[in-house]
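Q: Submitted below is the structure of interest, expressed as structure tokens.
Each reported figure results from applying straightforward, stated rules to the coordinates on display, with no laboratory input. This is a predicted model, so every value here is computed, not measured. Counting neighbours? That spans all protein chains shown, and the Cβs are built from the backbone with ideal geometry, glycine included.
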Amino acid sequence: MSQMAAARRGRPRDSGVDRRVLSAAWGLLHAGGYTALNVDDVAERAGVAKTTLYRRWPTKDHLAIAVGAQMLGEVPIPDSGDLRQDLTEFATALAESLNRLRMAGHYGGGKSPGLAAELVAAAARHPDIGEVVRAMYAERHALARARLERAVSREGLRPDLDQGLLVEQLVGPIYYRILITGAPADRGYAERLVEALLDGAFVAEE
């Protein structure tokens, strides 16, 4: 969103500034959670003018979402030829990244959703942020669906299954644990999710 604004002004965006700002913002978020994120402190730590920062991220919410998107955007969807293994790796990586957000600023190991919940609230407060977040998730889900499509042709996944629903059934419980129950979302949980998801999902061998 801010990238499009910069493009309209005809000024190239300095990726070095982005990296310094996002790194400084994550340092504050990790140390003290959402309340610790202060634009003045981020600008000082990153060595940039506040006006430069505000041109890219007009509010604290926008900056926090940019940090969260950077972390969550790095969830891999492997393609080893073993769908169970690949979906388990994907679900585990997603849970780990969400847990990092949940625990930002927390040192007591509590069940509070923490920063993860703050980012959800930020997306609800700003329509433009909501659009960016939905686009990010749509891209990730498209990659997951592409992996499932390959499993249909190569690994015997049933072609009649609703692949979009399968993706939602995999990632939804992870978000539920992070944001609602506070229960562990670890590799063991990811393995159980994938086993339940793929039970009866393959064409029966004759």
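Q: If amide H atoms are built 1.01 Å from N in the plane of the peptide, which residues on other chains or at least 5 residues away come under 5 Å of the amide H of PHE202?
A: ARG158
Q: Evaluate the charge dipole of the stretch 79-198 about its Cα centre and quote only its size in Debye, nearest 20, assuming +1 on the Cβ of each Lys and Arg and -1 on the Cβ of each Asp and Glu.
A: Details: 15 positive and 17 negative charges, 63 e Å.
That gives the stretch 79-198 a dipole magnitude of about 300 debye.
Q: Right, next: For an R0 of 45 angstrom, estimate the FRET efficiency from the Cβ-Cβ distance between ASP160 and ARG125 and round to the nearest 0.05.
A: Working: r = 41 Å, r/R0 = 0.90.
That pair, ASP160 with ARG125, gives E of 0.65.
Q: Compute the FRET efficiency between VAL39 and SER15 as 1/(1 + (r/R0)^6), taking r as their Cβ-Cβ distance and R0 = 22 Å, and round to the nearest 0.05.
A: Values: r = 20 Å, r/R0 = 0.91.
It comes out at approximately 0.65.
Q: Explain nothing, just the number: dipole magnitude of the chain about its Cα centre with +1 on each Lys and Arg Cβ and -1 on each Asp and Glu Cβ, in debye rounded to the nearest 20.
A: Values: 26 positive and 27 negative charges, 246 e Å.
So the magnitude is around 1180 debye.
Q: Can you tell me the orientation of helix 83-103 relative to the chain, as the angle in degrees between its alpha-carbon axis and the longest Cα principal axis, to the nearest 10?
A: The two axes meet at around 30 degrees.
Q: Just how many % of Cα pairs in the stretch 134-179 lie over 15 Å apart, if you round to the nearest whole percent? Numbers along the way, then the final one.
A: On the way: 498 of 1035 pairs.
Of the Cα pairs, 48 percent sit more than 15 Å apart.
Q: When the helix-only estimate is applied to the chain (DSSP H runs of n ≥ 4, each -39,500 (n - 2.57), divided by the residue count), what is the mean residue ellipticity at 222 nm, nearest 500 deg cm²/dmol?
A: Working: 10 runs with 141 residues, N = 206.
Here the helix-only value at 222 nm equals -22000 deg cm²/dmol.
Q: I've got another one for you. How far, in nm, would the chain grow between GLU168 and GLN85 when pulled straight, counting 0.36 nm per residue and subtracting the alpha carbon separation? Before the final figure, lay out each step's value.
A: Details: separation 83, 0.36 × 83 = 29.88 nm, distance 1.77 nm.
Extra length from GLU168 to GLN85 when fully extended: 28.1 nm.
Q: Also: Which whole-number percent is the relative contact order of the chain (Cα, under 8 Å, 6+ apart)?
A: Details: 214 pairs, mean separation 43.6, N = 206.
That works out to 21 percent.
Q: Let me ask something else about it. With angles folded into 0 to 90 degrees, how steeply does helix 60-72 sit against the dominant principal axis of the chain? Use alpha carbons for both and round to 10.
A: Taking Cα atoms only, the helix is inclined about 40 degrees.
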